[in-house]
Amino acid sequence: MYSRGIISEGNYTNNYFGFTLNFEPQTWSIVNKDIVDSLSENALENVFDNVDEETVEVSESNPLLVLNKTFSDSEDGFTSSFTIIAEDIRGNTVLTAHDYIEALKQQLLFSNIDYKINDSEYPKIINGFKVSSTNIFYKENNSFQDFIAFESKRYCVSFLLTYRNLSEKKQLKKILYTLKQN
């Protein structure tokens, strides 16, 4: 069974998936596990409520960590966030991180979400991890999400960087690039 990982003084370690990363605890707050669980239970319903479930195969997503920016400058309360998700890909048509990213794009095609997919700027290898990635702009709330994924054991581990501007993106990438194998 996978582990959600351990958080200690700005360090996140997940021995099951074999990685660590660092964040500044004074800048980022850890979202409570119960809140994360309740959000993840309804995420696909809320985001893809008009998706034909027979068209796109969806498997269970398991949030490992959600960090929100401690202070928001936004008038509407939007905060940038760094999320790590593990998704079991056994017995699924999604076999690789690349397949996972492509399945995400397919889900968007069959939704009523107004979005634009942009080319990803991320390298194919980040600190020893072979990754696939994409960038999505959501027109409704003027926000971006970078999806960066790699395979570990029978899971696809994804990093979701959610932001509205380049300054926020830079702060999120700073966390991502602390990624290292353990």
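Every number in this text was worked out from the coordinates using simple rules, so none of it is lab data. Keep in mind it's a predicted model, so treat the numbers as computed, not measured. Positions of Cβ are generated from backbone atoms using ideal geometry, with glycine treated the same way; all protein chains shown enter the neighbour counts.
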- Estimated FRET transfer efficiency when R0 is 25 angstrom, pair D119-N15 (beta carbons, to 0.05): 0.15
- Query: In the set [x] 23, 21, 16; [y] 66, 12, 11; [z] 47, 14, 13, which value of semi-axes √(5λ) of the Cα gyration tensor in Å was calculated from the structure you see?
  - Reply: [x]
- Query: Which length gain, in nm to one decimal place, applies between K153 and N112 when the Cα-Cα distance is subtracted from 0.36 nm times their residue separation?
  - Reply: 11.4 nm
- Task: Would you mind telling me which residue in D76, D119, D146 has the biggest mean-square fluctuation in a Gaussian network model of the chain, where springs connect alpha carbons within a distance under 10 angstrom?
- Result: D76
- Query: Using the count of nearby Cβ atoms within 10 Å as a rough guide to exposure, how do E75, E24, E140, E151 rank from fewest to most?
  - Reply: E75, E140, E24, E151
- Query: Among P25, V66, Q181, which residue has its Cα positioned farthest towards the positive end of the charge dipole of the chain, with +1 placed on the Cβ of Lys and Arg, -1 on the Cβ of Asp and Glu, and the dipole taken about the Cα centre?
  - Reply: Q181
